[in-house]
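See structure below.
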Amino acid sequence: MKRSIFLRAAAAVCAVLLSGCSLLPAVRTPEEVRAAEEAAQASRAENQARVDPLRMETEPLGFYRELVNSQNTLLAQYSVSLPQFDDSGLKSQSFQRVNDRFREELAALNADCDSFFRQTAQSLGDGWDALTQVSDVPSVNVTYTLLRAPAGYLCIRFDYEMHINGQTDPYSKAMVFLLDNGWELDLHTLFGDDYENVSAMLREDFLDWCDENGISVTDPAAFRLAEVEDGYALTATAIWFYTKPFQLSNKDGTRYAVRIPLTEYFPYLTLQ
């Protein structure tokens, strides 16, 4: 009986093999593998597109603080507004991580406010607590704007305005996050293995923008993209770089927002 069962099983296997079928997993062709990868990427992009950060925004974090002496004289002020997002729905863990990042930033800005107030009091001299009038109140103001980024990304621009010694200095910087996990992306992480090639392209486009807009660069041959890539912004149409005073030329104290069209770089993005 045992021999009969074995023979029947062997015969069944032979029949399968003779029929052209295999008991081993089928080997996919390169075309099939590529099609499966493209389908997976399309599915991921579709899922990411359903998460619109602009719709997930909730009540912002922030504070408004004043330095007031015993004479009730306003000596300085500091205000901050930072984004927060609904972390109870889609991509909850990602938005939790983003929210945690801005809670850390809020704590850092509170510490900076303490330092700003101490420096202000010191600059007013030993009699700061007896002052009844201040002609020019120093201040710091931090606001933000959610920018429309490519699907799967979150980009926030922060606008700073510092008013000290009668002069106001506005400037901007941005943060970019990957919605798939909520981690902040520097430019190297954004482009991954393509960074070296892409950064060289961006460098040339950056210098072309300066040339087209009549902006002098002291030594174009020595310019490196790493000098300006911190705080870059990623929108649906462009990559933005924000320069510092005298960064491009020791004769030019202007801050510039340099816009590089995204068209040529879109295929290099992490999600594409």
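The values are calculated or read from the model by the stated rules, or taken from the named source; none is laboratory data. Remember, it's a predicted structure, so these values are computed and weren't measured experimentally. For neighbour counting, all protein chains shown are included, and Cβ atoms are generated from backbone atoms with ideal geometry for every residue, glycine included. For the accessible areas, the whole protein counts, side chains as well, though only heavy atoms, and no ligand, DNA or RNA atoms are used. Shrake-Rupley method; radii C 1.70, N 1.55, O 1.52, S 1.80 Å.
Annotations for the structure displayed:
- Filter result (under 17 Å from the mean Cα position of the chain (by Cα), open to solvent by 50 Å² or more (accessible area, probe 1.4 Å) and free of Cβ contacts under 8 Å to residues at least 24 places away in the same chain) within region 86-102: Asp100
- Subset of region 224-235 (residues that are hydrophobic (A, V, I, L, M, F, W, C) and open to solvent by less than 50 Å² (accessible area, probe 1.4 Å)): Leu225, Val228, Ala233, Leu234
- Taking residues in region 131-154 that are farther than 16 Å from Ser79 by Cβ and without any contact (Cβ under 8 Å) to a residue 24 or more places away in the chain, and partners anywhere that are open to solvent by 40 Å² or more (accessible area, probe 1.4 Å) and among the polar types (S, T, N, Q), not one pair has Cβ atoms closer than 9 Å while being at least 6 places apart or on different chains.
To keep it simple, each residue is scored yes or no on (1) under 30 Å from Thr237 (Cβ atoms); (2) at pLDDT 95 or above.
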| residue | (1), (2) |
| --- | --- |
| Ala130 | no, yes |
| Ser139 | no, yes |
| Leu147 | yes, yes |
| Gly152 | yes, no |
| Gly166 | no, no |
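- Lone qualifier among Ala257, Ala233, Ala221, Ala238 - being over 30 Å from Asp52 (Cα atoms), out of contact with any helix residue (DSSP H, G or I) (no Cβ under 9 Å at 6 or more places or on another chain) and of a type in the set (A, V, I, L, M, F, W, C): Ala221
- For Lys251, the conditions (1) in a loop (DSSP other than H, G, I, E, B); (2) closer than 21 Å to Arg148 by Cβ; (3) not aromatic (Phe, Trp, Tyr) are fulfilled apart from (2).
- Selection status of Leu106, aliphatic (A, V, I, L, M), more than 16 Å from Glu59 (Cα to Cα) and surrounded by 11 or more Cβ atoms within 10 Å (Cβ to Cβ): no
- Test: residue in region 28-51 that is of a type outside the set (S, T, N, Q), open to solvent by 30 Å² or more (accessible area, probe 1.4 Å), modelled with pLDDT under 95 and part of a loop (DSSP other than H, G, I, E, B): yes
- Failed criterion for Met162 (all others in (1) open to solvent by 40 Å² or more (accessible area, probe 1.4 Å); (2) of a type in the set (A, V, I, L, M); (3) assigned to a loop (DSSP other than H, G, I, E, B) hold): (3)
- Residues being open to solvent by 60 Å² or more (accessible area, probe 1.4 Å) and not in a helix (DSSP H, G or I) - total across region 170-221: 12
- Residue check, Asn250 open to solvent by 30 Å² or more (accessible area, probe 1.4 Å), of a type outside the set (Asp, Glu) and modelled with pLDDT of 95 or more: no
- Residues satisfying the stated conditions in region 137-159, i.e. open to solvent by less than 60 Å² (accessible area, probe 1.4 Å) and either of a type in the set (D, E, K, R) or assigned to a loop (DSSP other than H, G, I, E, B) (or both): Val137, Pro138, Ala149, Pro150, Ala151, Gly152, Asp159
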